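Notes to accompany the following structure.
The values are calculated or read from the model by the stated rules, or taken from the named source; none is laboratory data. All figures in this text were calculated on a predicted structure; none of them were measured in a lab. Virtual Cβ from ideal backbone geometry, glycine too; neighbours counted across all protein chains shown.
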């Protein structure tokens, strides 16, 4: 076997049969939550455009200059922690006088599962089916138990900068509470600037 074949044939075969570690870092999901960290506070939130479960096109940059965004990744529809978290964000949105933030939920569930979840719990915000895990990779969200999105919440200001990252707990209620505090802090800062 010549030198070229001996170096590149094992990689090519690995790609074809799916040997772990043979794929590029971008195409292979992280399997260990400790090997990857979500994007940090102060980072510009990567823009994306996706279809939501309700069938509309959503672009993150469309909120620039208008509303802060709570972008939350969660493991799975219709599971206890994810129900609490979704309902917590629903209740936050329903109790605000005027829209305080755009809330966007992301998991690897299908559009159909998301639609059922939204209807079942009367969720007034958008859910995105990240079936190809592209948003998970874009925001450097680790995997949870090897196959599900980890619970990570990003609070993004009107300028598109990440101002808070909640990733040290799997408690959905805690994510809602801390995101709410972060939004209140952003609102106070904005009010002070406006004076």
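Which members of the stretch 66-97 meet the condition of being touching a strand residue (DSSP E or B) at 6+ places or on another chain (Cβ under 9 Å), closer than 12 Å to residue 175 by Cβ and not in a loop (DSSP other than H, G, I, E, B)? Selection gives 70, 71, 72, 73, 82, 85, 86, 89, 92. For the stretch 116-140, taking the residues that are touching a strand residue (DSSP E or B) at 6+ places or on another chain (Cβ under 9 Å) and assigned to a helix (DSSP H, G or I), the one that is surrounded by the fewest Cβ atoms within 10 Å (Cβ to Cβ) is identified as 134. Exactly one residue among 192, 113, 100, 182 is assigned to a helix (DSSP H, G or I), surrounded by fewer than 21 Cβ atoms within 10 Å (Cβ to Cβ) and touching a residue at least 12 places away in the same chain (Cβ under 8 Å), and that residue is 113. Does residue 144 meet the test of being buried (at least 20 other Cβ atoms within 10 Å of the Cβ), assigned by TED's automatic domain parsing to the domain that holds residue 42, in contact (Cβ under 8 Å) with a residue 40 or more places away in the chain and within 21 Å of residue 50 (Cβ to Cβ)? So residue 144 does not fit the description; no. Residue under question is residue 162, and the condition is that it be surrounded by 14 or more Cβ atoms within 10 Å (Cβ to Cβ), modelled with pLDDT of 95 or more, in contact with a helix residue (DSSP H, G or I) (Cβ under 8 Å, 6 or more places away or on another chain) and assigned by TED's automatic domain parsing to the domain that holds residue 102; does it hold? No, not satisfied.
For the structure I just gave you, tell me whether residue 106 is assigned to a strand (DSSP E or B), touching a helix residue (DSSP H, G or I) at 6+ places or on another chain (Cβ under 6 Å), assigned by TED's automatic domain parsing to the domain that holds residue 125 and under 11 Å from residue 176 (Cα atoms). It is false that residue 106 is assigned to a strand (DSSP E or B), touching a helix residue (DSSP H, G or I) at 6+ places or on another chain (Cβ under 6 Å), assigned by TED's automatic domain parsing to the domain that holds residue 125 and under 11 Å from residue 176 (Cα atoms).
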